[in-house]
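Take a look at the structure set out below.
The values are calculated or read from the model by the stated rules, or taken from the named source; none is laboratory data. Quick caveat, the model's predicted, so the values are computed rather than measured. Don't worry about glycine lacking a Cβ; one is built from the backbone with ideal geometry, like all the others, and counts go over all protein chains shown.
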Amino acid sequence: MPSKKSYLEGMRILAVDDEEDVLDTIEEALEFSRVDKAADYHVAKEKIETEKYDLAILDIMGVEGLNLLEETVSKGIPTVMLTAHAMNADTLLTSIQRGAISFLPKEKLTELEEMLSNILEAYHTGKPTWKILFEELGQHFDEKFGPDWQEKHSDFWSKFNQTYSVGKGIQTRLMHDKNVLSKGV
């Protein structure tokens, strides 16, 4: 049986990380995409300002990833946060609130192509990307953060779990979506 075609095929992707081996791994995993790499905040910011991307993959630590997230969201670039050192519940929450479409642990790099393909397909077809992430990695987060990790921000997570939509993140992305803005919404 033929395998499913990757949703990432032919897409232009910006990968930002201060570790060259991680950038190389991303490039190898996404071999059917065009991957531009940046190893620091300033190079990444320049690329975001001058190039058009279908997706950005941002490390959180070492490259000011959360600041870059604001830049990518303002340009309408779907963005996935990738981290090892900042793998905690607060950074996950911040990523959601600032408009990221997903948050992936670096130890899952071997599954990157499949996960990103599923997430982007959901994003472009109007399905909730975070639902896919938590279905795939919910147990991983529970193991990393502890079984009661959502208690600190229980109001947010309660609403989030009911709808799998993230109000501020979606609003932030929609404020920069040319299709929405052209309709005067």
Exercise. What is the one condition in (1) surrounded by fewer than 17 Cβ atoms within 10 Å (Cβ to Cβ); (2) under 12 Å from the mean Cα position of the chain (by Cα); (3) aliphatic (A, V, I, L, M) that V80 does not satisfy?
Worked result: (1)
Exercise. Applying the selection to the stretch 24-75, what residues are in contact with a His (Cβ under 7 Å, 6 or more places away or on another chain), surrounded by 21 or more Cβ atoms within 10 Å (Cβ to Cβ) and farther than 18 Å from G99 by Cβ?
Worked result: none
For this session: Could you tell me whether D17 is of a type in the set (D, E) and under 18 Å from E111 (Cβ atoms)?
Result: yes
Exercise. Which number in (1) touching a strand residue (DSSP E or B) at 6+ places or on another chain (Cβ under 9 Å); (2) closer than 20 Å to E9 by Cβ; (3) touching a residue at least 60 places away in the same chain (Cβ under 8 Å); (4) not small (G, A, S) marks the one condition that I96 misses?
Worked result: (2)
For this session: Tell me which of these A39 doesn't satisfy, since it passes every other one: (1) small (G, A, S); (2) modelled with pLDDT of 95 or more; (3) within 12 Å of the chain's Cα centre (by Cα).
Result: (3)
For this session: Return a yes/no flag: does the stretch 121-128 have any residue that is under 29 Å from E46 (Cβ atoms) and not basic (K, R).
Result: yes
Problem set entry | Members of the stretch 8-17 that are without any contact (Cβ under 8 Å) to a residue 60 or more places away in the chain and either surrounded by 22 or more Cβ atoms within 10 Å (Cβ to Cβ) or over 17 Å from the mean Cα position of the chain (by Cα) (or both) | E9, G10, I13, A15, V16
Exercise. How many residues does the stretch 83-104 hold that are crowded, with 23+ Cβ neighbours inside 10 Å and polar (S, T, N, Q)?
Worked result: 2
